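First up is the structure itself, then whatever we jot down about it.
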């Protein structure tokens, strides 16, 4: 699987030069300057437009819930998906404030049919229990990835210019922690957290189950950075929601729409996407550094820095929504900020320092 080059470096540099012409100290809007430049580079224009945006929420159940790794049962996935379909879930409330549309997708909720208002792209009624057998076949995994790509295709045809990748699936901090440990080659302790609020004993059991599964499914001598390994581990211990979000990130690269990463589960899906389609990370933006211990490690691997550090752990795409108004504010300055040419102040110049380019 390959990712078309969707990053226009010339546009990226043009936007950064535009930032330098605005009457302010160079680089003083920090990472927001780079984010606006990244968005424009993906869109292929310095006339950055994020007015039509949406959050895609991939919903699916995880068979590993049978092992007691979550406080909640699978019925909660269906309930929250129903709230999403009615526009009542947490992410929907935030999206309304942030002037974003919501696109809930059923990739594998354990029910007949799909909730009203939720797009039906169901691959199967939840994954299998990966403690007993692989969560999915590779064919089922590819169907979920394609569900994400197809959803972005539809968004592209409807004129969306910015997307976010969210999720709903009880048990998915377990599947994402397993994938993070596998793809980063890290110990399970380094990437596994309490999810929605496990006790000490629950967290211990969660780690033991993940460790046992990785010992079982990790192929001897595998290249942990290869697309083949990513697909194998995604199928073995991942989820339909993660696979669907990976498809959203890959679709962003295909259709030249920037995609905002939400929390840990979304970030792991982004990492899977980058491994399957190298280069698609250039189309990603990191919104926040979530509470799960593996979050920063995944973003570091992707070379992305979030701008919100608030201990968020809600999921659904809520943290990504909180980035949208901040991007609006930065874009307002980019578009309409007073430029040095219209002032009596001489434009700052850049010079090189040990830390990199700087202002004098």
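Some observations on this one:
- Once region 332-360 is narrowed to residues that are loosely packed, with under 15 Cβ neighbours inside 10 Å and in contact with a helix residue (DSSP H, G or I) (Cβ under 8 Å, 6 or more places away or on another chain), the residue that is modelled with the lowest pLDDT is 350.
- Conditions (1) surrounded by fewer than 20 Cβ atoms within 10 Å (Cβ to Cβ); (2) more than 21 Å from the chain's Cα centre (by Cα); number of the one not met by residue 114: (1)
- Filter result for the condition that a residue is crowded, with 21+ Cβ neighbours inside 10 Å, closer than 24 Å to residue 160 by Cβ and without any contact (Cβ under 8 Å) to a residue 60 or more places away in the chain, over 290, 252, 315, 319: 319
- Scanning region 191-218 for residues that are touching a helix residue (DSSP H, G or I) at 6+ places or on another chain (Cβ under 7 Å) and at pLDDT 90 or above turns up 191, 192, 206, 207, 209, 210, 211, 213, 214, 217.
- In region 81-100, residue nearest to the chain's Cα centre (by Cα) [restricted to those that are closer than 20 Å to residue 115 by Cα and in contact (Cβ under 8 Å) with a residue 60 or more places away in the chain]: 91
- The condition (being surrounded by 22 or more Cβ atoms within 10 Å (Cβ to Cβ) and either more than 24 Å from residue 160 (Cβ to Cβ) or at pLDDT below 95 (or both)) is satisfied by just one residue among 64, 22, 36: 64.
- Looking across region 41-61, the residues that are surrounded by 23 or more Cβ atoms within 10 Å (Cβ to Cβ) and within 19 Å of the chain's Cα centre (by Cα) come down to 41, 42, 53, 55, 56, 57, 58, 59, 60, 61.
- Any hit, region 1-9, residues being closer than 30 Å to residue 205 by Cα and either surrounded by fewer than 17 Cβ atoms within 10 Å (Cβ to Cβ) or in the same structural domain as residue 308 (by TED's automatic domain parsing) (or both): no
- Selected residue (only one of 144, 135 is touching a residue at least 12 places away in the same chain (Cβ under 8 Å), touching a strand residue (DSSP E or B) at 6+ places or on another chain (Cβ under 8 Å) and either closer than 21 Å to residue 250 by Cβ or outside the structural domain of residue 239 (by TED's automatic domain parsing) (or both)): 144
- Flag if residue 22 is outside the structural domain of residue 130 (by TED's automatic domain parsing) and either under 19 Å from the mean Cα position of the chain (by Cα) or under 30 Å from residue 278 (Cα atoms) (or both): no
The values are calculated or read from the model by the stated rules, or taken from the named source; none is laboratory data. Given the structure is predicted, the values throughout are model-derived calculations rather than measurements. Virtual Cβ from ideal backbone geometry, glycine too; neighbours counted across all protein chains shown.
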